[in-house]
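Participant: My structure is below; once you've seen it, I'll send some questions.
The values are calculated or read from the model by the stated rules, or taken from the named source; none is laboratory data. These numbers were taken from a predicted model, which means no experiment stands behind them. We place every Cβ from the backbone using ideal geometry, glycine too, and count neighbours over all the protein chains shown.
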Amino acid sequence: MIETWEDDNRKLHPDPWVPSGSPLVLGIAGKLCEEATEAAKVCSRIIIQGLAGIDPSTGLTNREELQKEIADLEHMIEFAKREFFLDEDKIAIRRSSKTAFHLPWIQFLKNLAIRGSK
């Protein structure tokens, strides 16, 4: 008999989570997560030390480290898009909407920086 998720269980756990058993999905999703985490780690260091701060383990600036991590993340994003058959058009539409949303905020931050430097 195949076990199913019964209505009684749904009341207790409305969103059952069953991990993927696919080595491809697990590998790509895991590596994508790892690369995103490494980029986030550098961003955290930039908040504390600035872009010119030095990573003591590599001797590279945080700017250089961020460039490396963005390249690694973009690499895995491309793998995920291809191997997971993600819709490039939907991704482009979402990217455009995020750009339109963030541009005024970036300009606001630039204006703050200009005012703060006076």
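Participant: Return yes or no: is L73 touching a strand residue (DSSP E or B) at 6+ places or on another chain (Cβ under 8 Å), in the same structural domain as L32 (by TED's automatic domain parsing) and touching a residue at least 12 places away in the same chain (Cβ under 8 Å)?
Facilitator: No, not satisfied.
Participant: Within region 44-66, identify whether any single residue is within 20 Å of L86 (Cα to Cα), part of a helix (DSSP H, G or I) and acidic (D, E), and answer yes or no.
Facilitator: For region 44-66, residues within 20 Å of L86 (Cα to Cα), part of a helix (DSSP H, G or I) and acidic (D, E): absent.
Participant: Same structure, new question: Determine which member of the set A39, A52, A71 is modelled with pLDDT of 95 or more, of a type in the set (G, A, S) and surrounded by 15 or more Cβ atoms within 10 Å (Cβ to Cβ).
Facilitator: Answer to the selection: A39.
Participant: Something else now. Quick check on E78: is it part of a helix (DSSP H, G or I), in the same structural domain as C43 (by TED's automatic domain parsing) and surrounded by fewer than 11 Cβ atoms within 10 Å (Cβ to Cβ)?
Facilitator: The answer is yes for E78.
Participant: Here's a follow-up. Considering each of G30, G116 in turn, give the residue that is at pLDDT 95 or above and out of contact with any Gly (no Cβ under 6 Å at 6 or more places or on another chain).
Facilitator: Working: G116 fails: at pLDDT 95 or above.
Exactly one of G30, G116 is at pLDDT 95 or above and out of contact with any Gly (no Cβ under 6 Å at 6 or more places or on another chain), namely G30.
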